[in-house]
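Below is one structure, written out as structure tokens; the observations come after it.
The values are calculated or read from the model by the stated rules, or taken from the named source; none is laboratory data. Note that the structure is a prediction, hence the values are computed from the model and not measured. Because the Cβ atoms are built from the backbone with ideal geometry, glycine has one as well, and the counts that use them run over all protein chains shown. Heavy atoms of the whole protein, side chains included, go into the accessibility calculation; ligands, DNA and RNA do not. Shrake-Rupley method; radii C 1.70, N 1.55, O 1.52, S 1.80 Å.
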Amino acid sequence: MKHRLFLFDLDDTLLDFKASEKLSFTRTMQELGLSDGMEPLFTQYQAINVALWKSFERGEVSKDFLKVERFRSTFQAHGLDLDPELASRLYLESLPDTVVLIDGATELCETLAAVGEVGIITNGVEHIQNRRIASSGLSRYISFVSTSEACGYAKPDVRFFEYAARMARAASKDDSVIVGDRLDADILGANRYGIASCWFNPGRVANDTEAVPTYEVASLRDVVSSLAA
């Protein structure tokens, strides 16, 4: 295998964020006194959250704004008189306790850590992501965690990937690869930075974007064989 630096997206690549998100959202609403009508509320929250994250990645809103606004907008849409700042705090506190690993994540990180260096690249909240990684048991295989919060720029900005590469022990574009589930952040970012990429596409969705992955896998268990091809 020619690759020696493996840059992994975290959410929905190594950790099942969708599962964790729903568990944490449900816990938060229950702590706020809600027990009914959870499904439509969560669906609304997800749509608002995705839109806000895309705005953040375009540099249009701050992460602090996003963390509270997603709850404020959801509550407003459903006519709920609840405190969005409290909801945000409860939700973020819950996330590290609801970690769910993607099938094959531990074995993959262990294998690649023996080959080279494994780093995490994430647009998530830094202290929450670090706690989630610790809870997942993956820390022993990970050399560094690069966050947009610490960098000041978010994926797919080239400056984020330059920042991540500087955190590695030794990195060259020729032997680096990004593994991630998002075409618009991970794969497009790799294209712009000029390194190889592996699109984790478990849903086998069609690629109708400008992003061009070097490799594509539907399972993390196929990553090593794909990179070695």
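Annotations
- Across the range 94-104, the qualifying residues are those that are open to solvent by less than 20 Å² (accessible area, probe 1.4 Å) and touching an Asp or Glu at 6+ places or on another chain (Cβ under 9 Å), and the one among them that is farthest from S20 (Cα to Cα) is G104.
- For first residues located in the range 44-66 and farther than 19 Å from T147 by Cβ, partners that are part of a loop (DSSP other than H, G, I, E, B) and not basic (K, R) and lie 6+ apart or on another chain with Cβ distances below 7 Å form the pairs Q44/H78.
- Within the range 210-223, residues that are closer than 13 Å to V177 by Cβ and of a type in the set (G, A, S) reach no partner that is outside any strand (DSSP E or B) and modelled with pLDDT of 95 or more with beta carbons closer than 6 Å at six or more positions or on different chains.
- Any hit, the range 182-195, residues being more than 15 Å from the chain's Cα centre (by Cα), within 21 Å of D12 (Cα to Cα) and hydroxyl-bearing (S, T, Y): no
- Note on the range 55-88: residues that are assigned to a helix (DSSP H, G or I), open to solvent by 80 Å² or more (accessible area, probe 1.4 Å) and over 14 Å from L41 (Cα atoms) total 3.
- Verdict on M1 being among the aliphatic types (A, V, I, L, M), touching a helix residue (DSSP H, G or I) at 6+ places or on another chain (Cβ under 9 Å) and open to solvent by 40 Å² or more (accessible area, probe 1.4 Å): yes
- Residue pairs whose Cβ atoms lie under 6 Å apart, separated by 6 or more positions or on different chains, with the first residue in the range 152-180 and within 12 Å of I121 (Cβ to Cβ) and the second open to solvent by 40 Å² or more (accessible area, probe 1.4 Å) and of a type in the set (F, W, Y), are F160/Y153.
- Flag if S24 is of a type in the set (G, A, S), open to solvent by less than 30 Å² (accessible area, probe 1.4 Å) and in contact with a strand residue (DSSP E or B) (Cβ under 9 Å, 6 or more places away or on another chain): no
- Residue among V125, V145, V118 that is farther than 27 Å from D222 by Cβ and not charged (D, E, K, R): V125
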